[in-house]
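Here is the structure we will look at.
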Amino acid sequence: MNVEKRILIASLLSAFLLAWYSHTIGMRTGNLLPRAPQQTEDISSQHPEDPSAIFKKDKDKQEDAVSIETEQVKIEVGRQSSAIRKVVLKKFSDSSGTAPTLGTEFPVFHLHVGEENRAWRLIEQDATRLTFKSEESTGVIYQLSYTIDAETPKIYVQLSKLGQNLSDHQEKPLFLTSTWHRVDELPSRFNPLEAILWDPGRKGAYKRYISPLKRPIDVPRGTPIVSLTERYFCQSLRVDQGLFDSMRFIQLDPQSLGFYGTSAQWSQTKDVSSQFSATLYFGPRDYFYLKKAGFETAFHIGPLGRIGLIFLVILGWIQSIVRNYGVAVIIFSVLVTCATAPFTLLSFKSMKKMQQLKPSVDKIMARYKENPQKGNQEVFALYKENHVSPLSGCLPMLMQMPIFIAIFQAVPHFIALRGESFLWIKDLSLPDRFFHLSFSLPILGEYLNLLPIVMAAAMFFQTKMSQQQMPSSEANPSSQIMSGPVMPILFCIMFYNIQSALVLYWLTNSLISVAWYRLST
């Protein structure tokens with residue numbers, strides 16, 4: 001088997017492995033087609049005929065607001081409604097100094113006690129805590145507090161019911177609403193809205209729904225964590241005390257998703273103050289931030305992705321020295337390529353041996369021209385005798401692909417690349433978008449991405465160079481096609497709309513492999 005065929009086999013196997021893995025594990029590449037929502041299970045509780053009715057009652061409500069904040073997050077809460085109206089992620093400002101801000105015409109988060117519009121009164125405020133109170137004529141007092149965690153971008157929510165002889169009072173139904181409005185100004189294909197639930201007690205612990213939702217999505221009763229998210233940032237809700245009879249994701253508008261829960265009996269205990277508590281996370285969809293806040297289970301990341309996070313920690317350490325993530329990616333790729341150099345050199349050594357054995361192989365195939373099967377057996381016997389493996393040429397790429405897939409799986413959970421520039425690339429966590437086209441191309445889209453084209457050119461040069469080192473074969477006219485532009489074009493398309501940091505990593509790897517090849521031949 002000549003080098004061109006081995007390159008073709010390795011490339012096709014790598015492309016298949018990458019496509020299968022991203023489909024099976026559910027990687028976020030930013031250009032996935034919307035998935036058809038799936039019914040998770042039947043919900044016995046009745047939902048409103050108009051699913052957005054519970055949100056519309058608070059839409060565009062004008063009221064005074066009071067705010068609390070830490071170094072990471074600031075929230076604004078309506079004085080009369082006690083609803084969280086705005087969330088500012090202070091730590092993640094862009095190059096213009098604008099911080100991602102969540103909150104439009106719908107409240108970001110609201111707890112309703114009863115179906116009426118309840119009046120709340122602010123009774124306590126300090127730097128990181130707000131407490132509201134609502135009194136009824138029956139003597140029952142509801143007390144709601146928001147407390148921002150000092151170390152992480154999460155908020156503790158606690159609803160209490162106070163009073164005498166609470167068992168004599170009729171329970172008020174509890175309604176919870178939360179919304180997510182896209183905060184990053186990115187094209188929707190690079191920044192899909194998603195609704196995600198985590199329920200470890202059921203088969204398929206993670207369910208993922210990509211906007212637009214064509215109909216409301218019922219959430220299984222007792223699901224511990226639900227999330228509304230986009231590419232970089234998310235909101236996750238964990239109910240710590242209390243249980244909702246029914247929960248549902250809905251599409252509020254093209255830019256917004258909503259979540260609500262309802263409960264007719266939101267507490268079964270009497271004469272106690274704490275009857276409902278929850279924790280909200282507003283921040284980056286980053287594994288390390290989520291883990292520190294105790295929400296690392298909110299988003300799926302497989303075993304390879306966790307290994308990829310280790311690589312990204314190393315990448316971050318390199319960046320802390322060179323102060324540029326583009327340079328850090330190049331250095332990291334050099335280190336990985338050097339670490340796998342023994343396998344690359346083994347492949348080159350095998351190629352040389354096969355080149356030396358080619359006259360013998362041609363004689364064997366000519367001798368058994370009428371019996372190709374017997375000829376192949378003799379060829380493999382010759383390879384075995386000379387300790388040569390025809391698949392050794394695939395080894396370098398097969399060694400690199402698990403590393404690449406691990407990083408590919410981990411990058412969406414690593415916000416440090418967001419907004420990091422290198423040369424003409426404005427954001428290494430997005431395609432390089434060298435030039436905006438006035439038209440849209442099938443598959444490729446409306447941007448000219450230069451980096452994948454350069455990568456394809458490097459791969460073409462690599463295959464041409466390896467072809468020149470091997471004797472030509474008139475018996476194999478397809479070898480010219482195999483070592484031609486087909487595989488570089490395939491890889492260019494496959495890499496065209498993924499993160500430019502990954503394309504830069506693979507381009508560097510290809511160039512170093514060319515250098516290794518030149519030095520060894």
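The values are calculated or read from the model by the stated rules, or taken from the named source; none is laboratory data. Not measured: the values here are computed from a predicted model. Every residue, glycine among them, receives a Cβ derived from its backbone with ideal geometry; neighbour counts consider all protein chains shown.
Return the residue satisfying two criteria in turn: it lies in the range 180-198 and is in a loop (DSSP other than H, G, I, E, B) and of a type outside the set (Val, Ile, Thr), and of such residues it is surrounded by the most Cβ atoms within 10 Å (Cβ to Cβ). Spell out the reasoning first.
So the first thing to find is which residues in the range 180-198 are in a loop (DSSP other than H, G, I, E, B), and the list is 182-187, 191-193.
Filter once more, so that each one left must be of a type outside the set (Val, Ile, Thr): 182, 184-187, 191-193.
Numbers: 182: 21, 184: 15, 185: 9, 186: 16, 187: 13, 191: 17, 192: 21, 193: 23.
Across the range 180-198, the extreme among qualifying residues is 193.
Return the residue satisfying two criteria in turn: it lies in the range 225-243 and is within 18 Å of residue 159 (Cα to Cα) and surrounded by fewer than 23 Cβ atoms within 10 Å (Cβ to Cβ), and of such residues it is modelled with the highest pLDDT. Give the steps one after another, and end with the answer.
Narrowing the range 225-243 to residues within 18 Å of residue 159 (Cα to Cα): 237-243.
Next, from what is left, pick out any that are surrounded by fewer than 23 Cβ atoms within 10 Å (Cβ to Cβ): 238-243.
Details: 238: 92, 239: 87, 240: 85, 241: 81, 242: 75, 243: 75.
The selected residue is 238.
Taking the range 68-111 on its own, how many of its residues are over 31 Å from the mean Cα position of the chain (by Cα) and surrounded by fewer than 19 Cβ atoms within 10 Å (Cβ to Cβ)? Before the answer, list the steps.
We begin by selecting, within the range 68-111, every residue over 31 Å from the mean Cα position of the chain (by Cα); these are 78-82.
Filter again for surrounded by fewer than 19 Cβ atoms within 10 Å (Cβ to Cβ), leaving 79-80.
Within the range 68-111, residues that are over 31 Å from the mean Cα position of the chain (by Cα) and surrounded by fewer than 19 Cβ atoms within 10 Å (Cβ to Cβ) number 2.
Just to be sure I understand, how many residues within the range 125-148 are out of contact with any strand residue (DSSP E or B) (no Cβ under 7 Å at 6 or more places or on another chain) and modelled with pLDDT of 90 or more?
Kept after step one, since they are out of contact with any strand residue (DSSP E or B) (no Cβ under 7 Å at 6 or more places or on another chain), are these residues of the range 125-148: 126, 136-139.
Remaining after also requiring modelled with pLDDT of 90 or more: 126.
Of the residues in the range 125-148, 1 are out of contact with any strand residue (DSSP E or B) (no Cβ under 7 Å at 6 or more places or on another chain) and modelled with pLDDT of 90 or more.
Listed here are the residues, each with its yes/no results for (1) surrounded by 18 or more Cβ atoms within 10 Å (Cβ to Cβ); (2) under 28 Å from residue 185 (Cα atoms); (3) modelled with pLDDT of 90 or more.
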site: 396; (1), (2), (3): yes, no, no
site: 402; (1), (2), (3): no, no, no
site: 411; (1), (2), (3): yes, yes, no
site: 430; (1), (2), (3): yes, yes, no
site: 442; (1), (2), (3): no, yes, no
site: 447; (1), (2), (3): yes, yes, no
site: 450; (1), (2), (3): yes, yes, yes
site: 463; (1), (2), (3): yes, no, no
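Being more than 19 Å from the chain's Cα centre (by Cα) and farther than 22 Å from residue 175 by Cα is the filter here, so list the residues in the range 192-247 that pass it.
Listed by number, the residues that qualify are 200, 201, 202, 203, 214.
Could you say which residue among 172, 161 is modelled with pLDDT under 85, crowded, with 18+ Cβ neighbours inside 10 Å, more than 28 Å from residue 295 (Cβ to Cβ) and not small (Gly, Ala, Ser)?
172
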